[in-house]
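Heads up, the thing below is written out as C-alpha cells.
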Amino acid sequence: MSGLNTELVPVLRRGFRFQWEPAQGCHVLLYPEGMIKLNDSAGAILAEVDGQRSIGAIVADLSARFPDVQGIAEDIMVFLEVARERFWIEFR
Amino acid sequence: MNDSGSSFAKPGHIPGPPLWLLAELTYRCPLQCPYCSNPLDFAKQSEELTTAQWIEVFRQARELGAAQLGFSGGEPLVRQDLTELIRAARELGYYTNLITSGIGLSEERIAEFAEAGLDHIQISFQAADEEVNNLLAGSSKAFAQKLAMARAVKKHGYPMVLNFVTHRHNIDNIERIIELCIELEADFVELATCQFYGWAELNRAGLLPTKAQLERAERITNEWRAKLAAQGHPCKLIFVTPDYYEERPKACMNGWGSLFLDITPDGTALPCHSAKMLPVQFPKVTEHSLKHIWYDSFGFNRYRGDDWMPEPCRSCDEKDRDFGGCRCQAFMLTGDADNADPVCGKSQHHGLILDARRQAEEAPKGLDELTHRNVHASQLICKS
Ligand code: SF4
Ligand code: SF4
C-alpha cells in the first residue's frame, strides 16, 4: 500500500496546466514548452486535483463515480505518487 | 483566403495536427549574438504581420489543434502589442511561452503579461560573448538586468526556464552556469550547445566545442543531475549536444511537417525555423488558410513520408527513426536538401562533419573572429 497520507491536498505544480484538447481527444498536461497526453484514468484523476480536495476526498469521489472499478483507491494513490515523482504535482 | 487549387497531400500519409506554433513576431533585436538562428539576410525582411493578422493565425492554428504557442523573434519584446497578443492567445486556450533575451523586460511588463495570462517566460542568456563572460565574472549591466529579470519572473509566480547557449568559449564554465541557475530557482535549465544554422553556421569554426569539452560538460551536468535527484530538487537540467559528434542524425522536428509550425515575421509558414533557406516554396498566411498550408501546401508536403529519399536513406532500415535527418543541414553542407544529413555515418558527405571536428581540435577561431548578427553584417553578406 502506498505511504501517502490521505489528508494531503494535491495541487498542480506552478506552471502546469491541465486541460481537455478536442483535437487530440484527450486531456493533456501542459508545462513550459512541453505537453503530456493523458490516458482516461490519469485524466479523470487529475481533473479532481484542484488544490482544495484532499487525497481522501478524491478517492471517495472517484470510487463513488466508478463503483465497478476494482482497486481504484490503490490506482489513484500509485498515480499520485508517480505524478509527484515527476514533479507534476505537489502536496500541501 | 484562397484554398482552391491543387493539394500536394501525400496519399496514405495523413499528418497529425500541428501541436506547436512558433510565432516569430519580429526579426528586430537589440542584441547581436553570433549564434543567432535568424536568417543571414534578415535585414532584407522587415515586413511584419499586424496585430489582427497574428491573432487570426493563432485562432486558425488553435482550431487545427495547436496547444503550445511560443512568442519568439528576434526579440518579441520590441512588439508594442505583445500584451494584446498574449491575451488573445491565452483566451484561445494556448499554453503561452515568451522566449526572450530579457533585454527590454521590466517588472511592470512582467506583471502586465501575467495579468494577460502569460504562462511561462524563458530567459535566454543569448548575449554577445563578452557579456556571457562578464556574467560569469559576475559583473556587467546587461547581466545585472537579466539576473534582476530572472528574479522578477519567479516573484510573479511564473515557472522559469533558463536557456544557456553554450559553445567552445563558455562551455568550460558549465559548473558556474548550473550553480547560477539553481541559485535563481530555475525550474528547467537548457544547456544547449549551439546548433549550426543561420549565424552559427557562419561562425562554426569559432563555436564548435571539442569532443573533450563536450564530454566534460556532460559529465558535470550528470553529476549535478544526481545531486539534485538526491535532494528531491525539482530543477530539471536539459543538455543538448551538437549533432556534429553523432554518427546518426537527429530526427529533425520529429519529422517534416509533423508537429511544428513556424510563422516568420512576414507571415511565411515553415515546418522549422531555418527552413526558409531551402529552395522550396513556402506558403504565406496572408494568402492561404493554415488548414490548407498544413495539409495541402507544396512546402509542407515536400519532405513528408519517404518517397523523396535518395540512397542511402531510401533502402535504410533506420529511416522511420530519423527521417534522414535535417533537410537544412543536408542543404547547407551538401548543396542538395534531398541528401542524407551528413551527420550520418552512411552519408558519402560525412567527411565534412569529420573535417569540422578536426578543425575544432586543430584550427578553431577565436572569440574576436566571430561575425556578430547585425543589420550591417546582414546587408554585407546578402548583397545581391
Ligand atoms: S539569438 Fe541573439 S541576436 Fe538572435 S534574436 Fe536572439 S537575442 Fe537577438
Ligand atoms: S542513411 Fe538516412 S535514414 Fe539511414 S540512418 Fe542515415 S540518415 Fe538515417
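Using a 1.4 angstrom probe on the protein heavy atoms only, could you order B:Arg219, A:Arg17 from most to least accessible area? Before the final figure, lay out the partial values.
On the way: B:Arg219 125, A:Arg17 30 Å².
My answer, sorted largest first, is B:Arg219, A:Arg17.
Work out the length of the dipole vector of chain A about its Cα centre, built from +1 on the beta-carbon of each Lys and Arg and -1 on the beta-carbon of each Asp and Glu, and round it to the nearest 20 debye.
Numbers: 9 positive and 13 negative charges, 67 e Å.
Around 320 debye, computed over chain A.
A convex hull fitted to the Cα coordinates of segment B:257-349 yields 90 cubic angstrom per residue.
First measure r as the distance between the Cβ atoms of B:Glu175 and B:Glu362, then evaluate 1/(1 + (r/R0)^6) with R0 = 25 Å and state the FRET efficiency to the nearest 0.05. Efficiency computed from Cβ-Cβ geometry: 0.40.
Accessible area, 1.4 Å probe, largest first: how do A:Leu29, B:Leu352 sort?
Working: A:Leu29 0, B:Leu352 70 Å².
The ranking, largest first, comes out as B:Leu352, A:Leu29.
If R0 is taken as 41 Å, the Cβ-Cβ distance between B:Ile14 and A:Glu81 corresponds to a FRET efficiency of 0.60. If you plug the beta carbon distance of B:Asp307 and B:Gln348 into 1/(1 + (r/R0)^6) with R0 = 22 Å, you get a FRET efficiency near 0.55.
Divided by 2.2 N^0.38 Å, where N counts the residues, the Cα radius of gyration of segment A:10-87 comes to 1.09.
For the peptide B:93-105, the mean number of other protein chain Cβ atoms found within 10 angstrom of a residue's Cβ is 2.
Using only the Cα atoms of segment B:9-87, build the gyration tensor, take square roots of its eigenvalues as a ≥ b ≥ c, and label the shape rounded, prolate or oblate: rounded if a/c is under 1.5, else prolate if a/b is larger than b/c, else oblate.
Here segment B:9-87 falls in the oblate category.
Sequence-distant contacts, meaning Cα pairs under 8 Å at least 6 residues apart, place the relative contact order of chain B at 22 percent. The separation of segment A:54-73 from segment A:19-41, counted between C-alpha centres, amounts to 22 Å.
Taking chain B, how much of its Cα-Cα pair set, in percent, is spaced more than 33 angstrom apart? Provide the component values of the computation, followed by the final result.
Working: 23121 of 73536 pairs.
Percentage above 33 Å: 31.
Shielding value for A:24-36 is 5, the average number of Cβ atoms from other chains within 10 Å of each residue's Cβ.
Close amide H contacts of B:Ala340 (hydrogens built in the peptide plane, cut-off under 5 Å, sequence separation of 5 or more or a different chain): B:Cys313.
Peptide B:228-235 shows a mean partner chain C-beta count of 1 within 10 Å per residue C-beta. Which residue fluctuates the most in chain B, going by a Gaussian network model with Cα springs under 10 Å, if the choices are B:Asp355, B:Asp262, B:Asp317? Looking only at B:Asp355, B:Asp262, B:Asp317, the largest GNM fluctuation is found for B:Asp317.
Once all protein chains are placed together, B:Glu107 keeps about 70 Å² accessible to a 1.4 angstrom probe.
Shown in residue order for segment B:91-108 are the 3J(HN,Hα) couplings computed by the Karplus curve 6.51 cos²θ - 1.76 cosθ + 1.60 at θ = phi - 60°: 5, 6, x, 6, 8, 9, 10, 9, 10, 9, 7, x, 7, x, 8, 9, 5, 4 Hz (x for Gly and Pro). Amide H contacts of B:Asp262 (H built 1.01 Å from N, in plane; Pro and chain starts excluded): B:Leu22, B:Leu270, B:Cys272 sit under 5 Å, all sequence-distant by 5 or more or on other chains. Here, P(r) means the percent of Cα pairs in each 10 Å bin from 0 to the largest distance; for the protein assembly as shown it is 4, 18, 27, 28, 16, 5, 1, 0. Distance between the pseudo-spin-label points of A:Glu7 and B:Arg314 (7 Å out from Cα toward the beta carbon): 7.1 nm. Annotation: lysines with alpha-carbon distance below 19 angstrom to B:Lys227 (same-chain offsets under eight excluded): B:Lys236.
The values are calculated or read from the model by the stated rules, or taken from the named source; none is laboratory data. Just so you know, these numbers come straight off a predicted model, no measurement behind them. Cβ sites come from the backbone with ideal geometry, for glycine too, and all protein chains shown count toward neighbours. Surface accessibility is based on the protein's heavy atoms, side chains included, excluding ligands, DNA and RNA. Shrake-Rupley method; radii C 1.70, N 1.55, O 1.52, S 1.80 Å.
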